1. Going through the stretch 354-375 one residue at a time, which ones are under 22 Å from Val55 (Cβ atoms) and either of a type in the set (Ser, Thr, Tyr) or part of a loop (DSSP other than H, G, I, E, B) (or both)?
2. Which pairs turn up if I take residues in the stretch 153-173 that are surrounded by fewer than 19 Cβ atoms within 10 Å (Cβ to Cβ) and look for partners that are charged (D, E, K, R) and part of a helix (DSSP H, G or I) with beta carbon separation below 9 Å, at least 6 apart in sequence or on another chain?
3. Of all residues in the stretch 206-223, how many are assigned to a loop (DSSP other than H, G, I, E, B), within 19 Å of the chain's Cα centre (by Cα) and buried (at least 17 other Cβ atoms within 10 Å of the Cβ)?
4. Looking only at residues in the stretch 177-193 that are over 18 Å from the mean Cα position of the chain (by Cα) and in contact (Cβ under 8 Å) with a residue 24 or more places away in the chain, which one is nearest to Leu126 (Cα to Cα)?
5. Restricting attention to the stretch 286-312, which residues are at pLDDT below 95 and either in contact with a His (Cβ under 8 Å, 6 or more places away or on another chain) or in a loop (DSSP other than H, G, I, E, B) (or both)?
6. Looking at Gln321, Gln252, can you tell me which residue is buried (at least 16 other Cβ atoms within 10 Å of the Cβ), of a type outside the set (A, V, I, L, M, F, W, C) and under 30 Å from Gly397 (Cβ atoms)?
7. So which residues in the stretch 249-285 are assigned to a helix (DSSP H, G or I) and either touching a residue at least 12 places away in the same chain (Cβ under 8 Å) or polar (S, T, N, Q) (or both)?
8. Kindly evaluate Glu105 against the criterion of being out of contact with any helix residue (DSSP H, G or I) (no Cβ under 8 Å at 6 or more places or on another chain) and either surrounded by fewer than 14 Cβ atoms within 10 Å (Cβ to Cβ) or modelled with pLDDT of 95 or more (or both).
Amino acid sequence: MNAASFPFETPMIRPHRLGLINKFGRQTMQQNLRTEVFDVPVERLIQRYGSPLFVTSEQRLRDNIRNLISSFRRYYPEVIHGWSYKTNYNPAVCNILHQEGSWAEVVSAHEYERARSLGVPGSRILFNGPAKQAGILQRAIEEGAHLHVDHGDELRLIESLAAAAGKVVALTLRLNLATGYSEPWSRFGFNLESGQAREAAHFIAQSPHLQLTGLHCHIGTYILEPRAYAVQVEKMCAFMDAMEEETKCHIQSLDIGGGLPSCNALQGVYLPPEQSVPDLDRYASLIGETLMRCTAQRLERGRARPCLILESGRAVVDDAQQLITSVLGCKRLADGRRGVVMDAGVNLLFTAYWYNHAVHLGRPVPGPEEDTALLGPLCMNIDVLRQSISLPPVQPG
């Protein structure tokens, strides 16, 4: 074989990882092999549909949403789940969740129209987001969607549209607040501590075309401390009681948003999700029991407890989907890492920016493991699925 056919590669020292040493002194290969996805052979899927390919388990999706809703209903009587379209608005995924009773939670005109095209009535759409424009707001008002107000200009726009239509529009006021456990998401909604939320509630109360019927607050994403939700619920209930007393409104729903952690490993968290993520029942019990305690006096005043609304997204869908991707080529990076070019990039898996997604080999690969970067196909330096992972010498195909 002609040596000239091989390009020169600068010599460097690279550690070879053959596996962990067990107590008998033998090395054990740590290849994470998965030749099937949801009981279907990977090779068969690739032959039929090509690569890259997202694969979704309908049964896993149904099991997840049923488990979520039943867990919360064990501790609180009335629970509604709004499927977060921004998490995944694939029509098949949305339809499955709507069949299981989920409403649609949307944040744009596109998502609103997608929900309506799937047969979701306006009365089962939670319209969120800070950038709703007049046209889609007018349609949402006509179709009876649940409008979540994000800022003062939007509030005044909705009032003008309601006046023009001769309607009284029910509104949900979005709050932002500090729990002491997570960084406040102060960009969205009206701040509770500064008095902004109170001012907005009084504005609604003074308008003949608006009616405050709900409160909404999303405290963040991948919340690992369930007590953060307990503080959130306590503050929302205290504000609900105060505003009902001051403005004579009637709050019918408390939407606590999403943020429940999924099975994926968040970058910067040392422990794997199996050890770092609390059990779903821990969240459900703490939220439900706190809400029951904080709303007990409402029954004495002749008022029903508010409906609890959840907007969980990744906690429902993450382990119900897998991405199959193929190796296109390999290279040696300047820092010594092995670079593997894949046919899937951050355009398909943008959550790779903040999650270390689990990586499995579709077939056995002999050879020592080494530090590897998984690179996407885009002509952008940021197209990296994993900056560093220990893999054997995978080859194209």
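1. Scanning the stretch 354-375 gives Tyr355, His357, Ala358, Val359, His360, Gly362, Arg363, Pro364, Val365.
2. Listed pairs, sorted by first residue: Ala165/Glu142; Lys167/Glu142.
3. 5
4. For the stretch 177-193, the residue satisfying everything is Gly189.
5. Within the stretch 286-312, Arg301, Gly302, Arg303, Ala304 meet the criteria.
6. On the way: Gln252 fails: under 30 Å from Gly397 (Cβ atoms).
None of the others qualify; the one that does is Gln321.
7. Here is the first cut: in the stretch 249-285, the residues assigned to a helix (DSSP H, G or I) are 273-276, 280-285.
Correct list: Pro273, Gln275, Ser276, Leu280, Asp281, Arg282, Tyr283, Ala284, Ser285.
8. Details: out of contact with any helix residue (DSSP H, G or I) (no Cβ under 8 Å at 6 or more places or on another chain): yes; either surrounded by fewer than 14 Cβ atoms within 10 Å (Cβ to Cβ) or modelled with pLDDT of 95 or more (or both): yes.
Criteria met by Glu105.
The values are calculated or read from the model by the stated rules, or taken from the named source; none is laboratory data. These numbers come from a predicted model, not from an experiment. Here the Cβ is made from the backbone with ideal geometry for all residues, glycine too, and neighbour counts use every protein chain on show.
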